[in-house]
Amino acid sequence: MSDKLINMEETATHTGPKGVINDWRRFKLESMEQENLPAAKKELLRQMSSPNKPKDDSRANLNRKMSVQEYELLKEEDEGCLKKYRRQCMQEMHDKLSFGPKFEGVHDLDSGEAFLEVIEKEHHTTVVVVHIYNVGVKGCEQLNSCLDCLAAEYPTVKFCRIDAVASGAAERFSDDVLPTLLVYKAGELIGNFLACTQHLNEEFFATDVEAFLNSYGLLPEKELLLDDEEENDVE
């Protein structure tokens, strides 16, 4: 068994109802320790969350009914803590399933050799999108701007661009077939779009290019991102 698999097994959370409950209790107690809670509120939450016996185990304390204020307090605290716990579980799962390198920005290729190298030597799970352009050809500059945006949203995709002349195949990529988008994975061509802007409106944006590539299933799931509204609710 590889070290990677061993590490994943050691850090994996417990499975089954009992394991999930214990994970939730531990997370809730750890969250309470990190927050600036009044002592009385923290102790009440600790008693209700912990599987251990309360500090005050008298019969009167064990049998008394929870007040409406205490119920509302626990309900409010549970909702916020549960959101944090759910997001942590989703992030851990996402991290374990996200293999392969990540990239920043669009990579400029300066030769045909660099073009071939990025196709043949990139990680087998990585989708490589190459834009072949020529300065002055309609749509090329706009498509470059769109790919700059998409590169930020899809860090596991390697976005590249290369001038048609620099590619060494200017006769194949004449102005009438530009801009061209070529998509590769594991060294195989999986998308070949000549004069690709003919499939878009005259004025197009990154979302239009994204939708076009997604219509062929060429982009992976987006990275897990924090939702600002939910994050504010938790706080």
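The values are calculated or read from the model by the stated rules, or taken from the named source; none is laboratory data. Computed from a predicted structure; not experimentally measured. Cβ coordinates were reconstructed from backbone atoms using ideal geometry, including for glycine residues, and neighbour counts include every protein chain displayed. The protein model used for the area step is the full one, side chains on, heavy atoms only, and it has no ligands, DNA or RNA in it. Shrake-Rupley method; radii C 1.70, N 1.55, O 1.52, S 1.80 Å.
Can you tell me how many residues in region 132-154 are closer than 17 Å to L194 by Cα and hydroxyl-bearing (S, T, Y)?
Total meeting the criteria: 1.
Could you tell me which of the residues L189, L181 is under 28 Å from H124 (Cα atoms) and exposed (fewer than 15 other Cβ atoms within 10 Å of the Cβ)?
Working: L181 fails: exposed (fewer than 15 other Cβ atoms within 10 Å of the Cβ).
The match here is L189.
Among the residues of region 146-188, count how many are in contact (Cβ under 8 Å) with a residue 60 or more places away in the chain, part of a loop (DSSP other than H, G, I, E, B) and touching a Leu at 6+ places or on another chain (Cβ under 9 Å). First the steps, then the outcome.
Initial filter on region 146-188 (in contact (Cβ under 8 Å) with a residue 60 or more places away in the chain): 146-147, 150, 153-157, 184-187.
Filter once more, so that each one left must be part of a loop (DSSP other than H, G, I, E, B): 154-157, 186-187.
Still in the list and also touching a Leu at 6+ places or on another chain (Cβ under 9 Å): 154, 157.
Residues meeting the conditions: 2.
Would you point out which residue out of E210, E202 is more than 28 Å from the chain's Cα centre (by Cα) and either acidic (D, E) or in a helix (DSSP H, G or I) (or both)?
Details: E210 fails: more than 28 Å from the chain's Cα centre (by Cα).
So the residue among E210, E202 that is more than 28 Å from the chain's Cα centre (by Cα) and either acidic (D, E) or in a helix (DSSP H, G or I) (or both) is E202.
Given the criterion open to solvent by less than 20 Å² (accessible area, probe 1.4 Å) and either in contact with a Ser or Thr (Cβ under 7 Å, 6 or more places away or on another chain) or modelled with pLDDT of 95 or more (or both), identify the matching residue among V137, V128. So that I can check it myself, show each step before the final result.
Numbers: V137 fails: open to solvent by less than 20 Å² (accessible area, probe 1.4 Å).
Being open to solvent by less than 20 Å² (accessible area, probe 1.4 Å) and either in contact with a Ser or Thr (Cβ under 7 Å, 6 or more places away or on another chain) or modelled with pLDDT of 95 or more (or both) holds for just one of V137, V128, which is V128.
Is it the case that region 113-134 has a residue that's in a loop (DSSP other than H, G, I, E, B), in the same structural domain as D208 (by the TED database) and in contact with a helix residue (DSSP H, G or I) (Cβ under 7 Å, 6 or more places away or on another chain)? Can you show your working first?
Of all residues in region 113-134, those in a loop (DSSP other than H, G, I, E, B) come to 122-126, 134.
When the remaining residues are screened for being in the same structural domain as D208 (by the TED database), the result is 122-126, 134.
Retained after the next criterion (residues that are in contact with a helix residue (DSSP H, G or I) (Cβ under 7 Å, 6 or more places away or on another chain)): 134.
Yes - at least one qualifying residue is present in region 113-134.
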